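Nothing in this text is a laboratory measurement; each read-out follows from the coordinates by a stated rule. Everything quoted here is computed from the prediction, not taken from an experiment. Don't worry about glycine lacking a Cβ; one is built from the backbone with ideal geometry, like all the others, and counts go over all protein chains shown.
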Amino acid sequence: MAEIIDLVLLAMLAITALSVIFLKDLFTVVMLFGIYSFLSALIFVNLDAVDVAFTEASVGAGISTVLMLGTLALTGRKEKTNNHKAILPLLVVCVTGGALIYGTLDMPPFGDPNNPAQQHVAPRYIQDSPQEIGLPNMVTSVLASYRAFDTLGETAVVFAAAIGVLSLLGLPKQDRAAIQSGLQSHIVLRVVAKMIIPLIVLFALYVQFHGDYGPGGGFQAGVIAAAALILYALVFGLPMATHVVSPNLLKALAAIGVLIYAGTGVVSLFLSANFLDYNVLASDPVTGQHIGIIAIELGVGITVFAAMLSIFYAFAAQAERKNIQ
Amino acid sequence: MSFIVDHYNYWIVVFLMMAGFYIVIAANNLVKKIVGLNIFQTSVFMMYISIGKVTGGTAPIAAEGITTYSNPLPHVLILTAIVVGVATTAVGLALIVRIKRAYGTVEENEFEDKEDLI
């Protein structure tokens, strides 16, 4: 049964990608990309990657789509007719694709438990991590403990990307006099948003602190919390949103998250262990691991939240400036 | 039949990758190029997750009575890659906004006579 679902979903994904090529209306392209992300999330669930599916659904279909729509608002929604020939790109793609297909023939069979990828470190993670780290979710154990150094790098990249966007576009100034903007006149949207936003924030907190036991964690929680405020900004206008969470606070939060993460590593250094070795954070190793993971997941969540929201603010401020002109 | 089932996921991955690649090199509009890059990127995610799947396995969250789990390592790599992916996409989109402001267009063929603006 799982194989048939896999077959159908992947075919749908291919069709979506194909239709993106032929469409000229960029609004439709972006919407299709949202669908593409949701389909990918479904496939990830089917392939047992629940944490990844969670992330793809909130990031790919949520934040990416909003940012792309924001860009379209500034650059126009029609792709102009293409006057250069499609033959050469098609040829390049066919040759590369043919070579890659030839390469896949040597790939080990899909789903075989004896594949090389399943032999290396994975058995150790699967057998030992629930006892060693004390968490049932192995993805969190690997992400936050065994490969914490990697995740520190990824968090720093998110932070750096936010700095990049802010230096390109700049953050909005906090307006004292809140201008009437957004979708204020749509009463249904306003009431529904007021009801939903607290629930989204609550859910984000649940995902943040329950990530050790079920799917979730700092990355997803940060994105979901940012989505709540993005919804607020869309409905009540950017000036109102900057009253709730000021751009300056976001700048500080983005840095504080990375500092919490790296600081946890430094604390373990001072307790005469390796960088990001949480075993020494408490009297027994499992409790130490638990404290360490909660601390760094919190750091990740704060940075991702601040980075995503400040990126959105930067785009929204551009759009607002364009409307005023 | 088993040959097809064994490689189907990888073929779709190659197809998606090439669809994304084609959009990147053939599309004229920069926003569409970014969509193409994202499709390319997602195809790589799909490949990693396909490699980590074990037939008969379940999600790598320890539970009683379950012995086979899929490989958690690709999940970790891709989970972080998705978030980094959206952050870098945002940088790309921000560059497009600046290009629009400097050149007045985001269509690649319209830059040709405006090169001295830099």
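Global size of the stretch A:148-301: 18.5, 60 Å for Rg and Dmax (C-alpha atoms, Rg to one decimal, Dmax whole). Peptide B:29-37 has a mean shielding of 6, counted as Cβ atoms of other protein chains within 10 Å of each residue's Cβ. One compactness figure for the stretch A:211-325 is 1.33, namely its Cα radius of gyration divided by 2.2 N^0.38 Å. By the helix-only formula, in which each DSSP H run with n ≥ 4 contributes -39500 (n - 2.57) and the sum is divided by residues, chain A has a 222 nm mean residue ellipticity of -23500 deg cm²/dmol. Reported value for the protein assembly as shown: 164 Å³ per residue, from the convex hull of its C-alpha atoms. Here the protein assembly as shown is treated with +1 on each Lys and Arg Cβ and -1 on each Asp and Glu Cβ, and its dipole about the Cα centre works out to around 1680 debye. Near A:Ser40, once Lys and Arg are set to +1 and Asp and Glu to -1 for all other residues with Cβ below 15 Å from its Cβ, the sum equals -3.
The orientation-averaged projected area of the convex hull spanned by the Cα atoms of the stretch B:37-118 comes to 7.3 nm².
Averaged over the residues of A:309-318, the number of partner chain Cβ atoms lying within 10 Å of the residue Cβ comes to 2. What percent of all Cα-Cα pairs in the stretch A:84-158 falls in each 10 Å bin, counting up from 0? For the stretch A:84-158, the pair-distance distribution reads 15, 24, 22, 24, 11, 3, 0. Put simply, the Cα atoms of the stretch A:12-113 extend 49, 36, 17 Å along their principal axes, the longest span coming first.
Counts of other chain beta carbons within 10 angstrom of each beta carbon in peptide A:217-229 average 1. Panel order for A:Thr303, A:Thr287, A:Thr65, by other beta carbons found within 10 Å of each beta carbon, from fewest to most: A:Thr287, A:Thr65, A:Thr303.
Calculated on the alpha-carbon coordinates, the convex hull of the stretch A:34-179 measures out at 221 cubic angstrom per residue.
With 20 Å as the limit, the listed pairs B:Lys32/B:Lys53; A:Lys322/B:Lys33; A:Lys173/B:Lys100; A:Lys251/B:Lys100; A:Lys78/B:Lys32; A:Lys24/B:Lys32 have B:Lys32/B:Lys53; A:Lys322/B:Lys33; A:Lys173/B:Lys100; A:Lys251/B:Lys100 beyond it between alpha carbons.
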